[in-house]
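Student: Pasting a structure below so you can have a look.
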Amino acid sequence: MEPIYKVIDLKKSFPAKSRGFFKGPGRITPAVDGVSFEVYKGETFGIVGESGCGKTTLARLMLRLIEPTDGRIFYAGREITRLKPAEMKALRRKMQMIFQDPYGSLNPKKNILEIVAEPLQVHGLARGANLEEKVRQALTMVDLPDNDDFLSKMPEELSGGQRQRIGIARALVIGAEFIIGDEPVSMLDASVKAGIIALLTDLKQKKELTYIFITHEIGLAYHICDRIAVMYRGRIVELGRAEAVIQQPLHPYTGLLMQAIPPLQPDTLWAKDLQKTGDAFSGGQLDQGCRFRARCPRAVEICGRQEPALKEIQPGRFAACEISLEDRL
């Protein structure tokens with residue numbers, strides 16, 4: 001089966017901020033550093049990692065909201081990194097993003113009708129009575145009222161959960177098939193979060209949607225994703241079926257993330273060793289070798305000499321670690 005979405009060696013670097021009185025040329029900091037993966041139609045593909053690992057930068061690269069430094073992106077067999085702005089705009093009808101902040105992602109000066117109608121107007125898909133009818137249909141799909149009173153409300157009158165549903169409606173109203181959720185429930189209360197997750201799951205089945213779900217909560221990814229890619233300091237360090245990644249991590253960083261979820265702690269030697277691991281990454285750079293080695297309880301000499309490639313350890317399971325599978329189990 002051919003993937004609907006494919007990323008090859010994607011990179012994005014930013015100039016590091018210079019400090020001190022004498023500011024010379026700044027260093028270049030890679031936020032996304034050689035990321036590759038494939039997503040198949042109808043699946044939910046999770047990208048998991050701590051804050052600052054490059055997840056949000058990757059999300060914006062995937063829709064070309066920012067331009068990559070290097071690498072290639074394909075959607076439905078078409079290389080989108082080479083598309084002109086007008087071509088990319090047309091493609092975004094099928095590819096949409098749900099943002100993390102339900103409070104900051106909606107225009108506070110527009111009412112609900114105007115906010116949900118905006119994508120239709122941008123793409124020239126509807127106007128007049130037809131436009132309003134499409135807005136009402138989209139609101140119904142996300143379990144929100146479609147009456148005149150609700151359409152006239154301003155974002156400040158809605159709860160966080162309602163605002164996030166509006167964000168989902170904006171994606172659906174133009175017929176999006178591929179949706180990237182950048183921490184879409186991280187700012188919501190637990191009960192509201194559960195409702196949004198249930199809605200996304202239901203819409204996936206009804207509309208045959210494909211999701212990329214970005215989160216710092218590996219337990220949440222376990223429950224809703226088919227496959228998971230674990231990201232650390234700009235690189236994917238583990239990738240595989242969600243159940244396999246959670247139950248038997250092949251990379252020590254994945255095991256570290258699992259420490260925060262006692263009911264799901266993995267049955268592996270990583271679990272004991274990681275009790276002795278160091279503190280979280282504080283912003284320094286490693287000149288060479290594995291970028292996790294300073295925190296890894298099982299680092300060996302080779303870990304300081306070369307950065308491990310993401311290799312297939314088992315069928316469909318990938319890890320970037322020099323320690324052999326036999327040593328892990």
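The values are calculated or read from the model by the stated rules, or taken from the named source; none is laboratory data. In this text, all values refer to a predicted model and were calculated from it rather than measured experimentally. Here the Cβ is made from the backbone with ideal geometry for all residues, glycine too, and neighbour counts use every protein chain on show.
Student: Looking only at region 202-220, how many residues end up being surrounded by 15 or more Cβ atoms within 10 Å (Cβ to Cβ), part of a helix (DSSP H, G or I) and either at pLDDT below 95 or of a type in the set (S, T, N, Q) (or both)?
Tutor: Going through region 202-220, the residues surrounded by 15 or more Cβ atoms within 10 Å (Cβ to Cβ) turn out to be 203-204, 209-220.
Right, trim to part of a helix (DSSP H, G or I) and you get 203-204, 218-220.
Still in the running and either at pLDDT below 95 or of a type in the set (S, T, N, Q) (or both): 218-220.
Qualifying residue count, region 202-220: 3.
Student: Out of (1) surrounded by fewer than 20 Cβ atoms within 10 Å (Cβ to Cβ); (2) touching a Gly at 6+ places or on another chain (Cβ under 6 Å); (3) modelled with pLDDT of 95 or more, the odd one out for ASP148 is which?
Tutor: So ASP148 meets the others, but not (2).
Student: Does THR140 satisfy the condition of being surrounded by fewer than 18 Cβ atoms within 10 Å (Cβ to Cβ) and either modelled with pLDDT under 95 or within 28 Å of CYS53 (Cα to Cα) (or both)?
Tutor: Values: surrounded by fewer than 18 Cβ atoms within 10 Å (Cβ to Cβ): yes; either modelled with pLDDT under 95 or within 28 Å of CYS53 (Cα to Cα) (or both): no.
No; evaluated as a whole, the condition is false for this residue.
Student: Let me ask something else about it. Of the residues ILE196, ILE246, ILE228, ILE236, only one is in contact with a Pro (Cβ under 8 Å, 6 or more places away or on another chain), buried (at least 22 other Cβ atoms within 10 Å of the Cβ), more than 30 Å from ALA126 (Cβ to Cβ) and not charged (D, E, K, R); which?
Tutor: Values: ILE196 fails: more than 30 Å from ALA126 (Cβ to Cβ); ILE228 fails: in contact with a Pro (Cβ under 8 Å, 6 or more places away or on another chain); ILE236 fails: in contact with a Pro (Cβ under 8 Å, 6 or more places away or on another chain).
Only one candidate qualifies: ILE246.
Student: Also, quick follow-up: Give me the pairs, please: first residue somewhere in region 240-256 and in contact (Cβ under 8 Å) with a residue 12 or more places away in the chain, second residue anywhere and part of a helix (DSSP H, G or I) and polar (S, T, N, Q), beta-carbon distance under 9 Å, and either six or more positions apart or on two chains.
Tutor: VAL245/THR254; ILE246/THR254
Student: Among the residues that make up region 287-309, is at least one of them in contact with a Phe, Trp or Tyr (Cβ under 9 Å, 6 or more places away or on another chain), modelled with pLDDT of 90 or more and not in a helix (DSSP H, G or I)?
Tutor: yes
Student: Output the residue which, of all residues in region 221-262 that are in a loop (DSSP other than H, G, I, E, B) and among the small types (Gly, Ala, Ser), is farthest from CYS53 (Cα to Cα). Please lay out each step first, then the result.
Tutor: Of the residues in region 221-262, the ones in a loop (DSSP other than H, G, I, E, B) are 225-226, 233-234, 248-251, 259-261.
Applying the additional criterion that residues be among the small types (Gly, Ala, Ser) yields 234, 260.
Values: GLY234: 5, ALA260: 17 Å.
Of everything passing the filter in region 221-262, ALA260 is farthest from CYS53 (Cα to Cα).
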